[in-house]
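The values are calculated or read from the model by the stated rules, or taken from the named source; none is laboratory data. In this text the structure is predicted, and so the values were computed from the model without any measurement. Cβ placement follows ideal geometry from the backbone for every residue including glycine, while neighbour counts extend to all protein chains displayed.
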Amino acid sequence: MSIKLGVNIDHIAVLREARQINDPSIIDALSPVKLAGADQITIHLREDRRHINEEDVANIIQNSPLPVNLECALNEEILGIVYDLHPNKVTFVPENRKEVTTEGGLDLSKSEFYLRLDTAIMAMKEKDIEVSLFIDPTVEAVRGAKGLNVDWIELHTGHFANLYAMLNTNLKRTKHSIKELNTQRTLLEKQLKKSLTDIQNATNEAKDFGLKVAAGHGLNYQNVKEILKTEGISELDIGQSIIARSVFTGLERAVRDMINLINAK
Ligand code: PXP
């Protein structure tokens, strides 16, 4: 079974927000992503609205030729917007105002949060919106998700991607957001291997329970080949690396390049 690709187009809005005029227009991304053969548009409506805003969400849902996966935090105001605008899928993610990007998966161990999440999931399911939870790739986190009425889990691949970048790029000589960059190479190699085993184990646990498994965060044209070795993943959600490449190649080509790597698995 082929692995689907969701293209996260938030970064187009990041560029737009740099000037706060409607250029580039986020709507112009929809057609090239579809033409390239991707399966889903992914967007993240953040509480701080640093890129996508509710008007974008409404326009994207209305005009997208592909199903829309809307990522959001468990925030009452945002939940109301999501409920009204009715995307095809909602992915609940944790949010922290100061983060550069989503840093980890949802913490399902706190009962108050768990109950609020359960209520929000029920409301989405009543509207026939598919629900996914963005969680760390651990068996414990998957077990937490099992008690909730969700269709999907999305495994956070950021830790894997950071380790891969520490071992395989010249990150040290650039401005970066990775804290553990001075770790010894042999230790990094071990940690990288473990991160992939964790992703496989979490996937197995989810599949055994009948959950569909997506993965995303920090995936790019180099490291994706390692993630593709995981058995059981149905979808990848990728943003930064595709939009970065599109600056040079155009968006359709950048998406197609990623799809070719996925299909070459
Ligand atoms: N999946 C989720 C849940 C995310 O929050 C993000 C980042 O917004 C992505 C996938 C895509 O991550 P990246 O932009 O690093 O490819």
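General remarks:
- Search result, residues across region 34-65 that are of a type in the set (A, V, I, L, M), surrounded by 21 or more Cβ atoms within 10 Å (Cβ to Cβ) and within 15 Å of residue 88 (Cα to Cα): 41, 43, 45, 57, 60
- All positions within region 199-257 that are of a type in the set (Ser, Thr, Tyr) and either outside any loop (DSSP other than H, G, I, E, B) or within 12 Å of the ligand (Cβ to nearest atom) (or both): 203, 221, 241, 246, 249
- Of all residues in region 141-163, exactly one satisfies the criterion of being farther than 16 Å from residue 71 by Cβ, modelled with pLDDT of 95 or more and out of contact with any helix residue (DSSP H, G or I) (no Cβ under 8 Å at 6 or more places or on another chain), namely 161.
- For region 211-223, a residue qualifies if it is more than 10 Å from the chain's Cα centre (by Cα) and either basic (Lys, Arg) or buried (at least 23 other Cβ atoms within 10 Å of the Cβ) (or both), and the qualifying residues are 212, 213.
- Yes/no for residue 12 being out of contact with any strand residue (DSSP E or B) (no Cβ under 9 Å at 6 or more places or on another chain), in contact (Cβ under 8 Å) with a residue 40 or more places away in the chain and crowded, with 21+ Cβ neighbours inside 10 Å: yes
- The single condition among (1) free of Cβ contacts under 8 Å to residues at least 12 places away in the same chain; (2) within 18 Å of the chain's Cα centre (by Cα) that residue 111 does not satisfy is (2).
- Any pair with Cβ under 6 angstrom, 6 or more apart, that starts in region 195-222 at a residue that is at negative phi and of a type in the set (Asp, Glu) and ends at one that is more than 15 Å from the ligand (Cβ to nearest atom) and assigned to a helix (DSSP H, G or I): 205/139; 205/142
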